[in-house]
Amino acid sequence: MTHPLLPKLRQLKLSGMLLTLEARAAQATEGQLSPTEFLALLLDDELERRTQQRLARRLAQSGCDPNKTLARFDFLAAPAIPRPLIHDLAACTFIARHENILICGPSGVGKSHLANALAIEALKQDRRVFSRPTHRLLTDLHGARATGGYSRHLARILNVDLLILDDFGLQPLTPQATQDLYDIISERYERGSVIVTSNRAFEEWAPVFDNDLLASAALDRLTHHAHTLIIQGESYRQRSRRKEILATAAALPAES
């Protein structure tokens with residue numbers, strides 16, 4: 001932080017270059033790089049640094065879990081999931097086409113992980129993402145009415161490129177929450193993509209709204225341009241619990 005170039009780099013908002021300046025200078029000397037090549041290396045470092053900072057900022061704002069990535073998704077535990085489709089979706093062209101993804105299956109089979117992983121791929125492409133459990137999103141939206149922040153909060157939900165509605169149908173909805181959910185789905189229809197995860201079968205989604213008219217209109221919009229995934233299998237959590245029990249039992253001394 002005492003480098004003589006620091007004041008000038010700071011004035012140009014390039015102080016991050018100091019992090020690799022000495023290493024790049026040594027590389028330039030050893031490799032007999034031209035001044036232009038040396039400068040190009042420093043600029044590449046700065047661009048990559050800014051890209052990573054922007055990704056970290058968007059990730060923090062999105063509500064996504066940075067640890068639930070595609071690289072960490074256990075496809076072997078869910079062999080029915082079509083890998084080619086997932087990798088195609090990871091390219092995020094579905095977002096450009098304003099298509100939705102609907103994922104259902106029993107608890108603990110990786111629905112939320114998969115949705116989160118696709119959201120992270122979208123963030124890497126500089127897409128705006130907002131991810132929340134459905135019930136929490138609607139509760140926060142309702143609470144914003146009392147604080148005067150409703151319009152701002154709703155605008156954020158409506159204007160992101162990708163909205164994640166996790167655990168849809170896990171908890172009952174109030175009439176106001178049902179109306180809010182319909183409004184969100186309706187406003188985003190053909191304007192922004194939505195990923196919905198649910199442990200309910202698709203035919204059980206309509207009763208969640210507790211309003212036949214709203215349910216029909218909302219589900220019609222959700223499913224119009226949608227990729228559907230049904231994940232079957234055993235809960236990761238239950239399987240991990242059994243492994244822990246077996247490991248503990250194996251570690252116990254045998255009875256004489």
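The values are calculated or read from the model by the stated rules, or taken from the named source; none is laboratory data. All of these numbers come straight from a predicted model, not from anything done at the bench. No Cβ is skipped: glycine too gets one built from the backbone with ideal geometry, and neighbour counts run over all protein chains shown.
Of note:
- Taking (1) more than 30 Å from LEU14 (Cβ to Cβ); (2) hydrophobic (A, V, I, L, M, F, W, C); (3) out of contact with any strand residue (DSSP E or B) (no Cβ under 7 Å at 6 or more places or on another chain) in turn, LEU39 satisfies each apart from (1).
- Every residue from region 203-225 that is crowded, with 19+ Cβ neighbours inside 10 Å, touching a helix residue (DSSP H, G or I) at 6+ places or on another chain (Cβ under 7 Å) and closer than 14 Å to THR174 by Cα: PHE209, LEU214
- Tally, over region 207-233, of residues that are outside any strand (DSSP E or B), closer than 30 Å to ALA77 by Cβ and either touching a Lys or Arg at 6+ places or on another chain (Cβ under 8 Å) or of a type in the set (Gly, Ala, Ser) (or both): 4
- Filter pass, LEU5 being without any contact (Cβ under 8 Å) to a residue 12 or more places away in the chain and farther than 30 Å from ARG127 by Cα: no
- Being of a type in the set (D, E, K, R), free of Cβ contacts under 8 Å to residues at least 24 places away in the same chain and either surrounded by fewer than 22 Cβ atoms within 10 Å (Cβ to Cβ) or touching a strand residue (DSSP E or B) at 6+ places or on another chain (Cβ under 6 Å) (or both) is a description that does not apply to ASP126.
- Conditions (1) touching a strand residue (DSSP E or B) at 6+ places or on another chain (Cβ under 7 Å); (2) touching a residue at least 40 places away in the same chain (Cβ under 8 Å); number of the one not met by PRO133: (2)
- Entry remark, region 122-138: residues being under 19 Å from ASP65 (Cα atoms) and in a helix (DSSP H, G or I) number 7 in total.
- Qualifying residues in region 74-104 (those that are closer than 13 Å to ILE231 by Cα and of a type outside the set (A, V, I, L, M)) - the one modelled with the highest pLDDT: CYS104
- Conditions (1) buried (at least 20 other Cβ atoms within 10 Å of the Cβ); (2) outside any helix (DSSP H, G or I); number of the one not met by GLU190: (1)
- Test: residue in region 139-154 that is among the acidic types (Asp, Glu), in contact (Cβ under 8 Å) with a residue 24 or more places away in the chain, outside any strand (DSSP E or B) and in the same structural domain as LEU222 (by TED's automatic domain parsing): no
- For region 154-173, a residue qualifies if it is closer than 29 Å to GLN125 by Cβ and surrounded by 17 or more Cβ atoms within 10 Å (Cβ to Cβ), and the qualifying residues are LEU154, ILE157, VAL160, ASP161, LEU162, LEU163, ILE164, LEU165, ASP166, ASP167, PHE168.
- Some residue of region 163-171 being assigned to a helix (DSSP H, G or I) and touching a Leu at 6+ places or on another chain (Cβ under 9 Å): no
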